[in-house]
1. If the Cβ limit is 7 Å and pairs must be 6+ apart or interchain, which residue in segment 245-261 that is under 15 Å from VAL298 (Cβ atoms) pairs with which residue that is aliphatic (A, V, I, L, M)?
2. Run down ALA28, ALA61, ALA65 and say which single residue is farther than 25 Å from SER82 by Cβ, touching a strand residue (DSSP E or B) at 6+ places or on another chain (Cβ under 7 Å) and in the same structural domain as ARG119 (by TED's automatic domain parsing).
3. Just to verify a result, which residue in segment 151-174, among those that are among the aliphatic types (A, V, I, L, M) and modelled with pLDDT of 90 or more, is farthest from VAL218 (Cα to Cα)?
4. Would you mention how many residues in segment 156-184 are within 23 Å of ALA28 (Cβ to Cβ) and not in a strand (DSSP E or B)?
5. Kindly provide the set of residues from segment 230-286 that are among the basic types (Lys, Arg), over 22 Å from PHE318 (Cα atoms) and out of contact with any Ser or Thr (no Cβ under 8 Å at 6 or more places or on another chain), ordered by number.
6. Which residue out of VAL60, VAL47 is within 27 Å of LEU217 (Cβ to Cβ), in contact with a helix residue (DSSP H, G or I) (Cβ under 6 Å, 6 or more places away or on another chain) and either surrounded by 15 or more Cβ atoms within 10 Å (Cβ to Cβ) or hydroxyl-bearing (Ser, Thr, Tyr) (or both)?
7. What's the total number of residues in segment 23-74 that are closer than 15 Å to GLN102 by Cβ, touching a residue at least 12 places away in the same chain (Cβ under 8 Å) and not in a helix (DSSP H, G or I)?
Amino acid sequence: MSRGAEPGRPTISINVCTYNAGELLAKALDCMVRQETGGEFSLEIVVIDDGSTDGAAEGVAEIAATSRVPIRYCSAGGKGVSHARNTGAAESRGEWIAWFDQDQLAEPTWLKDMWSTARETGADLVDGPRDLLLTDGQRAGLSDFCRACLGEISDGDTVHEHVRRHGSCTGNALIKKEVFDAVGGFDESILDGWEDWDYVRRLRAKGFACWYSPKALVHHVVSPDRLDQGFFKWHATRVGAAFASRDLREWGLPKTLLACFAKMGQALFVNAPLLAWAWFMREKKEQLTRICLLLRAVSYARKTLFFVSPRLFPQEGFHARVQLRNEPRFNRNNEDR
């Protein structure tokens, strides 16, 4: 395939946001360069650096020098993933944008499968499943809940329109550029990792269609420190706060308060007894699952209290902990302090 757009064929701009990814980014870009187009579209790759300190610009330039696909580097200034994705969209020259994460790998047919689903269904956004690159031993040691925390995603083996409240993953998706612009981009005030839920909610509210492409599979590279209990506890705390923020924006404070009471009731009368039983039965996977569900409920409640009265419940340390950039500080046997 020649460098640049092919006359009469749409261009897909693959956006890869990066932050201190090291060799992972090089492997991800290698997968993107190898994407098959079937002569149906052209490709470009846009790498958005969110403030890396590991020489990302030089590494991308080296790869771009020999790539058969145009690769461009841009800096997003370290303002978070929402700003980075918006920067990538602004820099993209294609009629479509494909999102791919720095810690993923994909088969050469990944993008072509999503494109086929978009063409066949008329979808405005298409996403696909994600599995985890784990050994059999590592997988056996994880519950379904923990695998979901690590990013495992599956919504069946058929092409279908999403009907779930929040069903799209922006680490594996294809969207029309004009639709992205119409929705208004990602909310850059969101720093605790629910920007994709918010974006999909707004996209659907405007009447755009989201579809699922089961063959568009990506493989998530799981670093060893993410298999530590500390990571799962931090993740549960972050997600609980993110759920509260999402619900407040979608439902308002009264309904979020009701949801908070329901979650605390479930924690006290369902998850706490099940945790006690798991300890009694020495079921370690179930123990960790129930601990995480309890932490999620407590975090939801803490965030809700902040919404009720920021002055009485400021919790600056808590809010700092649940930001995505703080994951490395809390994923190695660190308790939720």
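1. CYS260/ALA301
2. Unique residue meeting the criteria: ALA61.
3. Filtering first and then ranking leaves VAL159.
4. Matching residues across segment 156-184 total 6.
5. LYS255, ARG282, LYS284 - these are the residues of segment 230-286 that are among the basic types (Lys, Arg), over 22 Å from PHE318 (Cα atoms) and out of contact with any Ser or Thr (no Cβ under 8 Å at 6 or more places or on another chain).
6. VAL47
7. The qualifying residues number 13.
Residues checked against (1) under 22 Å from LEU43 (Cα atoms); (2) surrounded by fewer than 22 Cβ atoms within 10 Å (Cβ to Cβ); (3) outside the structural domain of LEU174 (by TED's automatic domain parsing):
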position	(1), (2), (3)
GLY80	no, no, no
ASP127	yes, no, no
LEU134	no, yes, no
GLY137	no, yes, no
ASP144	no, yes, no
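The values are calculated or read from the model by the stated rules, or taken from the named source; none is laboratory data. Everything numeric here is computed off the predicted structure, so don't read it as measured data. With ideal geometry, Cβ positions are generated from the backbone for all residues, glycine too; neighbour counts draw on all protein chains shown.
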